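The values are calculated or read from the model by the stated rules, or taken from the named source; none is laboratory data. This one's a predicted model, so the numbers in the text were calculated from it and none came from an experiment. No Cβ is skipped: glycine too gets one built from the backbone with ideal geometry, and neighbour counts run over all protein chains shown. Keep in mind that these areas ignore ligands, DNA and RNA; they rest on the heavy atoms of the full protein, side chains included. Shrake-Rupley method; radii C 1.70, N 1.55, O 1.52, S 1.80 Å.
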Amino acid sequence: MSRVGKKPVELGKDLTAEVQGQSVTIKGKKGSLTLAVNSEIEVKVDGNLVKVAPRSGSNFANAMAGTTRAHIANMVAGVTNGFQKKLDLVGVGYRAELKGKQVIFALGYSHPVIFDIPNGIDIVIDKNTHVVVTGADRQLVGQVAANIRRMRKPDPYKQKGVRYTGEVLKKKVGKTGAK
C-alpha cells in the first residue's frame, strides 16, 4: 500500500464521520456525503481521524484502500469548502440563461438546449457566457461540467464551443484552395 494510502484523513472543525456497515458518511457545513465501501476495505473513525486499511494483503485490497482514502479525503474537502468548475461559452450568439432548476443554452443550434440541474449542484451564470458549476461532490461537479461541455464541444477550426476556463485549444488549419 502507498504512503498516502496509509495516511489517515483528518476531519476539520464541525465535521462528523460515521461508519455504518460498508458505508461512510461525512457531514459538514456544505451538507453530507455518503460513500459505499468495498468489502475488502475496513474504515475506522478514531477521534477526528478516519483510518482506511485493507482487510487482506492482496493487490486489489491495497489499491482499493488507497482509492477509498482518496475518496474520503475528497468528501472532507467537499463538505468543508466545496468544488467548482468554470466553463466559457465562445461563439457569436452563444449564451446561457438560468430559469429555476434549468439552464437554457443558445449554442448555435436551431433550438435552445435545456439542461436540468441535478440535486446538490449550484450553477451561477456571469455575463451570459461564463458558467460556474459548484457543489460538495467532486465527481458530480466534474460530471455536470463535462455534460455541459459535451453539448457543443470546442471546434478546432473555428475555436467556437463550450470550453473549460483556461483550456487551450490547438487551432487546426482549414482546407487550402487548389491551384
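Take the chain and mark each of the chymotrypsin sites (Phe, Trp or Tyr not before Pro) that is in a DSSP loop with at most 16 other Cβ atoms within 10 Å; the longest unmarked stretch, sites excluded, is 1-108.
What full-extension length gain, to one decimal in nm, is calculated for Glu40 and Ser2 as 0.36 nm per residue of separation minus the Cα-Cα distance? Write out the running numbers ahead of the final one.
Details: separation 38, 0.36 × 38 = 13.68 nm, distance 1.64 nm.
Working it through step by step, the gained length comes to 12.0 nm.
The distance linking the stretch 1-69 with the stretch 101-135 is 34 Å (Cα centroid to Cα centroid, whole angstrom). Each listed q (0.08, 0.11, 0.16 Å⁻¹) maps to a log10 I(q)/I(0) for the chain from the Debye sum over equal C-alpha point scatterers, namely -0.38, -0.63, -0.94. Dividing the mean sequence gap of close Cα pairs (under 8 Å, 6+ apart) by how many residues the chain holds gives a relative contact order of 18 percent. From the square roots a ≥ b ≥ c of the eigenvalues of the alpha-carbon gyration tensor of the stretch 1-49, which class results: rounded (a/c under 1.5), prolate (a/b over b/c), or oblate? Here the stretch 1-49 falls in the oblate category. For the stretch 102-144, what does the alpha-carbon gyration tensor say about shape, rounded, prolate or oblate, given a ≥ b ≥ c as the root eigenvalues, a/c under 1.5 as rounded, and a/b over b/c as prolate? It comes out prolate by the Cα gyration axes.
Accessible surface for the stretch 68-118, divided over its residues, is 52 Å² per residue with a 1.4 Å probe. In this simple spin-label approximation, Thr176 and Glu10 carry label points 7 Å from Cα along the Cα→Cβ vector, and these lie 6.0 nm apart.
Determine the shape class of the stretch 81-179: with a ≥ b ≥ c the square roots of the Cα gyration tensor eigenvalues, call it rounded for a/c under 1.5, and otherwise prolate if a/b is greater than b/c, oblate otherwise.
On the way: a/c = 2.74, a/b = 1.79, b/c = 1.53.
Cα axes put the stretch 81-179 in the prolate bin.
Its Cα gyration tensor gives the stretch 20-123 an equivalent ellipsoid, and the semi-axes of that ellipsoid, as √(5λ) in whole Å with the largest first, are 40, 16, 12.
Could you compute the FRET efficiency for Ser23 and Asn81, with r as their C-beta to C-beta distance and R0 at 22 Å, rounded to 0.05? Show your work: numbers first, answer last.
On the way: r = 23 Å, r/R0 = 1.05.
About 0.45, to the nearest 0.05.
A dipole drawn for the chain from +1 and -1 charges on Cβ atoms has a positive end, and of Val90, Asn38, Ser56 the residue lying farthest that way is Val90. Summing charges over all other residues whose Cβ lies under 13 Å from the Cβ of Asn62, with Lys and Arg as +1 and Asp and Glu as -1, gives +2.
Pop out the carbon and sulfur fraction of the accessible area of the stretch 1-64 as a percent, whole number, probe 1.4 Å.
Details: 2020 of 4210 Å².
On the stretch 1-64, the fraction of accessible area on carbon and sulfur atoms equals 48 percent.
Beyond 32 Å in Cα-Cα separation lie the following of the pairs Lys6/Lys27; Lys101/Lys153; Lys127/Lys158; Lys27/Lys127; Lys51/Lys170; Lys127/Lys153: Lys27/Lys127; Lys51/Lys170.
Of the candidates Val19, Val45, Val92, which one comes out as most mobile in a Gaussian network treatment of the chain with C-alpha springs shorter than 10 Å? Highest fluctuation of the listed residues: Val92. Of Gln143, Gln20, Gln159, the residue with the greatest mean-square motion in the GNM of the chain, using alpha carbon springs below 10 Å, is Gln20. Candidate cross-link partners of Lys172 among the aspartates and glutamates, defined by an alpha-carbon separation under 18 Å and a same-chain spacing of 8 or more, comprise Asp155. Using only side-chain charges placed at the Cβ, +1 for Lys and Arg and -1 for Asp and Glu, the dipole size of the chain relative to its Cα centre rounds to 1040 debye.
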